[in-house]
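Structure record follows, encoded as structure tokens.
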């Protein structure tokens, strides 16, 4: 049985050239980058070269890039430091954010009495930009706006340029969880008013356990992990040299092939949508993710015309056929609370129906799309 991996928003297959680079560094550069002898200096050179290369992709200085374990840690660093070190009293966000943001915001609300304001969102998962502007105009305290660029469940795209301009006008700080967009969209930080973005290597065919944080050079934040002076004092702990090098390799490869990969993956998504609509007439595309004008080219989130009773068999049915995707139903069986994102945007009539997220990469094929759509059709028809 040929397995099909359509869960690339969760993590991606590591590129073979990245594996080779990681292996070479692990074999030949095992010195601690904080050591002053030749072994350490060689490792330090690798780390700083990666920092410079990554910074160049976003038109920023290397000193604004800090290496972390990934998106979750980076989001934590931004939010906690903003309140603790930058005197932020109000955080404006949405209920569609990743839990790496929502759970931290809840913690800050309880621990520091930070005021939290949730923006309104429409059925497409888009915020009300005018509502954001009105809130900022009426707010007098130091404010941080935290909104993700690409939603990891439904693929809705935030206009970060517009939000950046709104924040600049109100002198608010702007943080965006860009985990789903790094390596898939070009982001020129020299022309966008944004203070913090985050990246995670395993989302763009790099290794797990490594990521980066961009901090605007005009801001000074303190570490949340103590014990060493690594990353210019912002993050204690020996740098994972081989993973950092692997992340650099993966990111450069992603942007080198961006247009070709984007075109190929977009065609896969279009074909998935066309075949699904043709073979499963009552299928629904959550957040209108079939509209590329405000949705990413990598994610499809569908609601299937299946009863609640039968939906419990869906994941099992897909798994035994070797199909990997993500369950995103707003009302799932057992103790699961379901998707907090879908709970915000779905109509009541669709809350009990199963929703699935399919996310694509350069390694997927048209044949795999045919297989998955046919499998879904068979399941729906047997209802």
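What follows draws every value from the coordinates through simple rules; no lab data is involved. Everything numeric here is computed off the predicted structure, so don't read it as measured data. Glycine gets a Cβ as well: all are built from the backbone with ideal geometry, and neighbour counts include every protein chain shown.
Just a few scattered comments:
- Folded to 0 to 90 degrees: helix 99-112 orientation relative to the chain principal axis, Cα: 60 degrees
- Pairwise Cα inverse-distance average, inverted: Kirkwood Rh of the stretch 130-234 (Å): 15.2 Å
- Nearest-ten-degree value, helix 258-279 long axis tilted from longest Cα axis of the chain: 20 degrees
- Compactness ratio for the chain: Cα radius of gyration over 2.2 N^0.38 Å (N = residue count) comes to 1.02.
- When 23, 38 are sorted by how many other C-beta atoms sit within 10 angstrom of their C-beta, beginning with the fewest, the order is 38, 23.
- Helix axis angle, 38-57 relative to the chain longest principal axis, alpha carbon, degrees: 60 degrees
- Remark: C-alpha extents of the stretch 224-336 on the principal axes read 57, 41, 28 Å, sorted largest to smallest.
- Exposure proxy shown here: for 148, 1, 77, 26, the number of other Cβ atoms within 10 Å sets the order, fewest to most, as 1, 26, 77, 148.
- Descending semi-axes in Å of the stretch 166-214, equivalent ellipsoid built from Cα gyration tensor: 24, 11, 7
- Put simply, when 270-279, 181-190 are sorted by average Cβ atoms within 10 angstrom per residue, most first, you get 181-190, 270-279.
- Residues 174, 66, 212 arranged by fewest to most Cβ contacts within 10 Å: 66, 174, 212
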